[in-house]
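*Asks:* Got a structure here, written out as structure tokens. Questions coming.
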Amino acid sequence: AKDEGRNQLHFFDPAMQASVDQRLRLQAELHHALQDQQMLLYYQPQVDAQGRVTGAEALLRWQHPTRGLVAPGAFIALAEETGQILELGQWVLQQGLCQQARWRADPQLAPLKLSLNVSARQFRQPGFVDTLRLQLTDSGADPAHIALELTESLLLQELDSVIALMQSLRALGLTLSLDDFGTGYASLNYLKQLPLQQIKIDQGFVRNLLDDPKDAAIATAIVTLADALGLQVIAEGVETAAHHRILLERGCRHFQGYWFGRPMPLADFEAMVRAQHAP
Ligand code: C2E
Ligand code: CA
Ligand code: CA
Ligand code: CA
């Protein structure tokens, strides 16, 4: 084993060493990103059956000084590991609530709902609900126009405590949405027990809607199930008119995806909504 160890050291892949360095650098850069105001939110439209924008999902972007605009795929997982997701997540909530409060004060933008992603680690952080209660009051945001997108990884914790936490969030007046439904740990039994109002059909099922009858069947079953349980269902990753048409046929009434709009800067999103009101 000692020889093996020596061999491993000897044949240690320089590319792997570089990636360890990169990780450490990324971690250090993330640490400064918030202080240096390099993080921002993009907004992706969510639409109803008529294609009218009813709200947006806020998606994190990192305006990196040398690397340009970085999507969360490049840093969320690391931030989860290091715990930096807690600070990032707090920032997202703060920004999101303040944004909703500004929309609330504008007649054309007031009906907009804002969906915010909450990581499982953030959700189970002690004091999460109390902090959110204060942030809601301080920001002046309308809880009825805020949805929290939770992922199924939440369900790795003890179910009773998850339900209790979700109930306190409901008591604040927030909408609770289960993100990426069908990809994780959620059994149908959880759907019955969790105090949810919305589920999001994962884009994996939507992507192959036309070529894979099994994915189409799953998407349809999710819509039917959600209806029966009194949950709103929103399909994400709707990229084409055909996706939209098939999902409409199957009874889905809420959509998000490139077909309706990519994640975009705030000003572009607001312009899109205002254009809807133009005569
Ligand atoms: P998600 O929550 O499932 O967000 C949807 C992702 O799908 C976004 O990627 C969005 O840009 C992308 N998308 C939307 N429509 C389409 C489409 O029609 N086709 C395709 N191919 N993709 C589409 P994005 O912005 O890169 O975010 C990736 C993930 O990063 C998110 O997945 C979410 O898990 C995480 N994330 C983003 N912002 C936050 C945040 O503020 N907090 C936390 N905890 N996670 C976040
Ligand atoms: Ca999401
Ligand atoms: Ca999702
Ligand atoms: Ca996803």
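Just so it is clear, none of the values below were taken in a lab; they were calculated from the coordinates. Note that the structure is a prediction, hence the values are computed from the model and not measured. Neighbour counts run over all protein chains shown; Cβ positions are idealised from the backbone, glycine included.
*Asks:* Please report the spacing between the Cα centers of the range 162-212 and the range 97-147 in Å, no decimals.
*Replies:* 19
*Asks:* Right, next: Under a 5 Å amide H to amide H cut-off, with H placed in plane at 1.01 Å, what residues pair with ILE146 once short-range neighbours are removed?
*Replies:* LEU114, THR175
*Asks:* Then there's this: Exposure proxy check: HIS244, HIS31 ranked by fewest other beta carbons within 10 Å?
*Replies:* With the sparsest Cβ surroundings first, the list reads HIS31, HIS244.
*Asks:* So what's the back-of-envelope 222 nm ellipticity for the chain, counting only DSSP H runs of four-plus at -39500 (n - 2.57) apiece and dividing by all residues, rounded to 500?
*Replies:* Values: 12 runs with 136 residues, N = 279.
That comes out to -15000 deg cm²/dmol.
*Asks:* Per the Kirkwood formula on distinct C-alpha pairs, the Rh of the range 143-197 is how many angstrom? If you can, show how the numbers build up before the last one.
*Replies:* Working: mean 1/r = 0.0878 Å⁻¹.
Computed over the range 143-197, the radius equals 11.4 Å.
*Asks:* Mind listing the long-range amide H neighbours of ALA235? Cut-off is under 5 Å, sequence gap 5 or more, other chains count too, H placed in the peptide plane at 1.01 Å from N.
*Replies:* Under 5 Å from the amide H of ALA235: ILE201, HIS254, PHE255, GLN256.
*Asks:* Another question, then. Which far-off residues, 5 or more places away or on another chain, put their amide H under 5 Å from the one on ASN117, with H placed in the peptide plane?
*Replies:* ALA58, GLU149
*Asks:* Taking 20 °C and 1.002 mPa s as the conditions, I'd like the Stokes-Einstein D for the range 121-258 in µm²/s, using the Kirkwood hydrodynamic radius from alpha carbon pairs.
*Replies:* Details: Rh = 15.9 Å.
This corresponds to a translational diffusion coefficient of 135 µm²/s.
*Asks:* Turning to a different aspect of this structure: If you build a Gaussian network model of the chain, linking Cα atoms that sit under 10 Å apart, which residue out of LYS200, LYS113, LYS192 swings the most?
*Replies:* With Cα springs under 10 Å in the chain, the top fluctuation among LYS200, LYS113, LYS192 is at LYS192.
*Asks:* Bins of 5 Å, beginning at zero and ending with the bin holding the largest distance: percent of Cα pairs per bin for the chain, please.
*Replies:* In whole percents, the pair-distance histogram is 1, 5, 11, 15, 16, 16, 14, 9, 6, 3, 2, 1, 1, 0, 0, 0.
*Asks:* Another question, then. With a Förster radius of 35 Å, plug the Cβ-Cβ distance of ARG124 and ARG274 into 1/(1 + (r/R0)^6) and report the FRET value to the nearest 0.05.
*Replies:* Working: r = 39 Å, r/R0 = 1.11.
Result of the calculation: an efficiency of 0.35.
*Asks:* Let me ask something else about it. If you rank ASP215, ASP202 by fewest surrounding Cβ atoms within 10 Å, what's the result? Write out the running numbers ahead of the final one.
*Replies:* Values: ASP215 18, ASP202 22.
So the ranking, lowest neighbour count to highest, is ASP215, ASP202.
*Asks:* Expected output is a single nm value to one decimal: the length gained when fully extending between SER168 and VAL20, i.e. 0.36 nm times separation in residues minus the C-alpha distance. What is it? Don't skip to the answer; put the middle values down first.
*Replies:* Working: separation 148, 0.36 × 148 = 53.28 nm, distance 4.02 nm.
Value of the extension gain: 49.3 nm.
*Asks:* Next question, about the same structure. Using a 10 Å cut-off around each Cβ, can you sort TYR258, TYR190, TYR43, TYR185 from fewest to most neighbouring Cβ atoms? Intermediate values should be presented prior to the final figure.
*Replies:* Details: TYR258 14, TYR190 17, TYR43 27, TYR185 11.
Ranked by crowding around the Cβ, least crowded first: TYR185, TYR258, TYR190, TYR43.
*Asks:* So what's the range 42-94 giving for Rg/Rh, alpha carbon basis, Kirkwood Rh from the mean inverse pair distance?
*Replies:* On the way: Rg = 14.1 Å, Rh = 12.8 Å.
That ratio equals 1.10.
*Asks:* Mind jotting down the three principal axis lengths of the range 36-178 based on Cα atoms? Whole angstrom, largest first.
*Replies:* 44, 40, 32
*Asks:* What are the aspartates and glutamates whose alpha-carbon lies under 15 Å from the alpha-carbon of LYS214, with same-chain residues fewer than 8 places away excluded?
*Replies:* Output for LYS214: ASP202.
*Asks:* Moving on to the next point. How high is the FRET efficiency between LEU225 and GLN157 when r is their beta carbon distance and R₀ equals 25 Å, given to the nearest 0.05? Write out the running numbers ahead of the final one.
*Replies:* Details: r = 24 Å, r/R0 = 0.94.
Calculated value: 0.60.
*Asks:* Okay, next question. Give the Rg (one decimal place) followed by the Dmax (whole number) of the range 200-253, computed from C-alpha coordinates and expressed in Å.
*Replies:* Rg, Dmax (Cα atoms, Å): 9.9, 29.
*Asks:* A follow-up question, please. Quick one: if you take sqrt(5λ) for each eigenvalue of the C-alpha gyration tensor of the range 101-180, what semi-axes come out, biggest first, whole angstrom?
*Replies:* Details: eigenvalues 120, 37, 18 Å².
After diagonalising the Cα gyration tensor, the semi-axes are 25, 14, 9 Å.
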